[in-house]
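Here is the structure we will look at.
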Amino acid sequence: MRVYVPLTLPGLAQAHKAGELGPGPLTAYAVTPALREWYVSDDIEELEYAALGRAAAASLRLLAGDPGAPRRRIVVAVDVADEEAVADPDRGLDADAIGEVRIAGAVRLAKAAAVHADADDAEADVRAAADALGAADRGDDDARFVVDGAEDHELLWFGVQEIPGLLG
C-alpha cells in the first residue's frame, strides 16, 4: 500500500540522517474506504492524489507548529504492507481524519518511492497559510482563503536520491 507521510524539511533531514521515518507510530494518509467514499472516484490515481493532498494539509499543520521550519510542505510517499497501515475505525467519518492511517513502527527510508515538496516560489503562500491556519480553524473565512492559497501550489516530485539537494 502506498502511504503519504507528512513532514517538514527538518523532519526530512532527521529521517535522511537516521535512514528511517520514525520512530512510530507514524501518521500517514492513504486510499482508505473513507477516502474512497469522500472523494467518490474509482480512479486509483485520483484517489492517491487526494491522499497526497490530505498529507500536504497535514504537513502545513506541522509547519504551523514549528515556526522555525522552512516554509515548504514535505510529503514522503512510502510503500508498506497493507496490514502495516491501519485506519482508526472510530474516526472514519471524522472529516479531519479522512484517509488517515497509523503505522506502528519506523519505516526505512529505503522503502520511499518519492518525496513531494513545494517549489521555492510557494514559500510566501505556505508561510501565510501556516500563519493563518489557527484563525481558519476557528471559522475565519479570510484566513481560510489564505490557507487555500497554499493548496493552489502543486507539490513537486523528487526521487529519493534527490533528498540531499532538497536539504541543501
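The values are calculated or read from the model by the stated rules, or taken from the named source; none is laboratory data. Since this is a predicted model, take the numbers as computed values, not measurements. Remember, those area values only see protein heavy atoms, side chains included, never the ligands or the DNA or RNA. Shrake-Rupley method; radii C 1.70, N 1.55, O 1.52, S 1.80 Å.
Our coupling estimate for region 152-166, obtained by passing each phi through the Karplus curve with A = 6.51, B = -1.76, C = 1.60 and θ = phi - 60°, is 6, 8, 6, 6, 7, 9, 10, x, 4, 5, 8, 4, x, x, 5 Hz, Gly and Pro reported as x. Between Glu20 and Leu109, the built amide H atoms are under 5 Å apart, and every one of these is 5 or more places off in sequence or on another chain. Using θ = phi - 60° in the Karplus curve 6.51 cos²θ - 1.76 cosθ + 1.60, the 3J(HN,Hα) couplings for region 14-30 round to 5, 5, 5, 5, 7, x, 7, 8, x, x, x, x, 9, 9, 9, 10, 8 Hz; x is entered for Gly and Pro. Using the 1.4 Å probe convention, the accessible area of region 1-116 works out to 49 Å² per residue with neighbouring protein chains retained.
Between Glu123 and Ala81, what is 0.36 nm times their sequence separation minus the Cα-Cα distance? Round to one decimal in nm.
Once the chain is fully extended between Glu123 and Ala81, it gains 11.7 nm.
Under a Gaussian network description of the chain, with springs only between Cα atoms under 10 Å, the residue in Leu109, Leu60, Leu52 that fluctuates furthest is Leu109. Legend: Rg and Dmax of region 12-61, from Cα coordinates, 13.3, 39 Å. Temperature 25 °C, viscosity 0.890 mPa s: under these conditions the Stokes-Einstein estimate for the chain, based on its Kirkwood radius over C-alpha pairs, is 153 µm² per second. Working note: Karplus 6.51/-1.76/1.60 with θ = phi - 60° gives region 125-136 the couplings 5, 5, 4, 4, 5, 4, 5, 8, 4, x, 5, 5 Hz, where Gly and Pro are set to x.
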